[in-house]
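Below: one structure, written as structure tokens.
The values are calculated or read from the model by the stated rules, or taken from the named source; none is laboratory data. All figures in this text were calculated on a predicted structure; none of them were measured in a lab. Heads up, the Cβs are rebuilt from the backbone with ideal geometry, glycines too, and the neighbour counts pull from every protein chain shown. Accessible surface is based on the protein model in full, side chains and every heavy atom, while ligands, DNA and RNA are left aside. Shrake-Rupley method; radii C 1.70, N 1.55, O 1.52, S 1.80 Å.
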Amino acid sequence: MNKATMPPLLLLLLVPLVLFNLRLSSAAADPIHQSLVQCFSQSITAGEASSIIYSKNNPSYTSVLRAYIRNARFNTSSTPKPLLIITPKEESHVSAAVTCAQKLGFRLKIRSGGHDYEGLSYVFDEPFFILDMFNLRSITVDITDESAWVGAGATLGELYYNIWKNSKVHGFPAGVCPTVGIGGHISGAGYGTMIRKYGLSVDHVVDAKLVDVNGRILDRKAMGEDLFWAIRGGGAASFGVVLAYKVKLVPVPEKVTIFRVERYLTENATDITFKWQSVAPTTDDELFMRMLVQPVTRNKKKTVRITVIALYLGDSDSLVRLLNKDFPELGIAKENCNETSWIDSVLWWANYDLGTQPTILLDRDLNDANFLKRKSDYVQTPIPKKGLESLWKKMVELGKVGLVFNSYGGQMNRVRSDATPFPHRAGNLFKIQYSVSWEQPGDEAVKNFTTQAKLLHEFMTPFVSKNPRSAYLNYRDIDVGSTNTWSYEDGKVYGQSYFNGNYERLVDVKTAVDPKNFFRNEQSIPPRST
């Protein structure tokens, strides 16, 4: 009997049998895959285990690996690849992954959205597995309690969409990029356009579920306050696998105001930037003003353009009055402003046109990756005008690297620096992100553009924080320091930049919960002895 004469029902029955046999043959050809499936089958069926574990023999392996690579620098033939990719669908699958990886002697890299700029969640020099959390994306919004449980594999866009579906007057203070994974974003502190009104994302986390090194599923009460403190800004991948966070929502007005204003050096950009440094961190808490600084070519001449992008939690008349008083140099008028809903402002900040339907926030935009490099700094005293003028000259000379100034102040000044592992609160006027992206593949382009970023970062040394020169964990930057020995001293180099005085407490937590250092990457928190 051939397929043409085979009864449809029999054909339907044979399809899953063929797929199962393919999995079995794949496992037989890969003893590590077979061993992991066997270990998993102590708690789930072998068929279920095979359906969530991808070996290099699996035809879907490459597409699963590439789907959440967000930096094309780590999507090359020479990039170290995981032996297996585990894609849990249940919390128990995560527990099995943690215990089985240890039994088999392999490291786990934990990936939620893949936006870590140095690829540390999916690249490693030792043989490793990826634990990819993208299936654990459930979101439960409780408007009565003004809270939400959010799976670590959910994206910011999915969280914003689900809040909007339940309420038009609630929001959450987190990032502007909709495809960022919740797990990484919150574990590294998380911030967005409401940072001055409501502080960081972690300031609104009230519970969490985590799988520890022993495979136990723990909530806040079970894990204890020290570990709960550590996973809210200290990089949770050093301590366990976060399954979900419970966050408190924040009120937002029915109408907010947004604007974007561009100025060039010939249009008073230097005076505006100088004044922005003192106004943006001290103005009304309802107002967040980001400034982009970019080298551009205008009328065949190289110059610098600044762009002020703002969210104001109020109406445009109030905003214009406020800025005419605090920041007349910017010259804001009502026609520069748009009054809109909070969810529409989220879409606008994500570079969608006003009027775009919120369902676009559910698009995970898979396989979308530029070549990029990011770095960070904190500014604690205003850069003088002569310093700005020298900065413009350096940016034009280098040609490609842009800067993003994110204003602090407001609520950030009211939260203690040790309330969470993220220490960069009062005393910081704004954070700088160094940003360079390119499309050309190859080592020469990588060297060229990463060197530009390093040179501009080096140039800024006199104007930024010192002892330590601080950096932001979620703007992951391997130049800050890295380790392959996981000694306390190695960890201190990058640990003090990211966490300042909170590094010591993070080391204490690590030593208590993962003394053998199973959960580790090139910038993880080490235990006091390994």
Item checked: Span-rule helices in the chain, defined as complete DSSP H runs reaching 18 Å or more along the axis (Cα) with Kyte mean at least 1.6 -> 8-29
Note to self: Given the whole protein assembly as supplied and a 1.4 Å probe, what does the accessible area of His204 come to in Å², nearest 10?
What the structure shows: 30
Notebook entry, point to check: For the range 99-233, what is the accessible area per residue in Å² when the probe is 1.4 Å?
Noted result: 31
Notebook entry, point to check: Quick one: net charge of Leu361's neighbours, Cβ under 12 Å, K/R +1, D/E -1?
Noted result: -2
Checklist line | Sequence-separation-based contact order of the range 182-332, relative, with Cα cut under 8 Å and 6+ spacing, percent | finding: 24
Notebook entry, point to check: Per the 1.4 Å probe, what fraction of the accessible area of the chain, in percent, lies on carbon and sulfur atoms?
Noted result: 50
Notebook entry, point to check: How big, on average over all directions, is the shadow cast by the Cα convex hull of the range 42-84, in nm²?
Noted result: 3.8
Checklist line | Contour excess over end-to-end distance, with Cα ends at Glu48 and Phe459 and 0.36 nm allotted per residue | finding: 142.5 nm
Check: For the range 147-171 and the range 204-256, what is the separation of their Cα centres, given in Å?
Finding: 16
Checklist line | Length released on extending from Lys400 to Thr381, taking residue separation times 0.36 nm less the Cα-Cα span | finding: 4.3 nm
Next item on the list: Quick one: work out the % antiparallel among DSSP beta bridges in the range 36-135, nearest 5.
Entry: 25
Item checked: Amide hydrogen neighbours beyond the local backbone of Val296, cut-off 5 Å, H modeled -> Thr303, Val304, Arg305
Item checked: Shape metrics for the range 164-305, restricted to C-alpha atoms - Rg then Dmax, Å -> 19.9, 63
Check: List the cysteines of the chain that have no other Cys Cβ closer than 4.7 Å: which are they?
Finding: Cys177, Cys337
Note to self: Per q in 0.15, 0.17, 0.19, 0.21 Å⁻¹, report the Debye log10 I(q)/I(0) for the range 234-323, using one uniform scatterer on each alpha carbon and no solvent.
What the structure shows: -0.75, -0.83, -0.91, -1.00
Next item on the list: Report the accessible area of Thr282, computed with a 1.4 Å probe over the heavy atoms of all protein chains in place, in Å² rounded to the nearest 10.
Entry: 100
Next item on the list: Taking only protein heavy atoms into account and a 1.4 Å probe, give the accessible area per residue of the range 340-499 in Å².
Entry: 44
Margin query: For the pair Asp125/Ala426, report the inter-label distance in nm, with labels modelled 7 Å from Cα in the Cβ direction.
Written below: 4.2
Next item on the list: Filter the cross-link list Lys393/Lys492; Lys334/Lys386; Lys275/Lys393; Lys301/Lys334; Lys197/Lys255 down to pairs whose alpha-carbon distance in this structure exceeds 27 Å.
Entry: Lys393/Lys492; Lys334/Lys386; Lys301/Lys334
Margin query: With an 8 Å Cα cut-off and a minimum separation of 6 or more residues, compute the relative contact order for the range 444-517 in percent.
Written below: 24
Margin query: Give the residue list of trypsin sites (Lys or Arg not before Pro) in the range 321-430 that are DSSP loop and have at most 10 other beta-carbon atoms within 10 angstrom.
Written below: Arg416
Next item on the list: Give me the accessible area of Asp203, 1.4 Å probe, in Å² rounded to the nearest 10.
Entry: 50
Note to self: Can you tell me, using C-alpha contacts under 8 Å and at least 6 residues apart, the relative contact order of the chain as a whole percent?
What the structure shows: 14
Check: Peptides 70-78, 232-240: what's the order by average Cβ count within 10 Å, highest mean first?
Finding: 232-240, 70-78
Next item on the list: Add +1 for every Lys or Arg and -1 for every Asp or Glu among the other residues with Cβ under 15 Å from the Cβ of Lys373, and state the total.
Entry: -1
Note to self: Sort Leu83, Leu322 by heavy-atom solvent-accessible area, probe 1.4 angstrom, most to least.
What the structure shows: Leu83, Leu322
Notebook entry, point to check: Mean shadow of the range 257-413, computed from the convex hull of its alpha carbons, in nm²?
Noted result: 11.0
Checklist line | Sorted largest first, extent of the chain alpha carbons per principal axis (Å) | finding: 80, 55, 52
Check: If you build the Cα gyration tensor of the range 106-242 and take the root of 5 times each eigenvalue, what three semi-axes come out, in whole angstrom, biggest first?
Finding: 25, 17, 14
Notebook entry, point to check: So between Lys301 and Phe518, what do we pick up on full extension, going 0.36 nm a residue minus the alpha carbon distance?
Noted result: 72.7 nm
Checklist line | Mean Cβ count within 10 Å, highest first, over the residues of peptides 109-120, 52-63 | finding: 109-120, 52-63
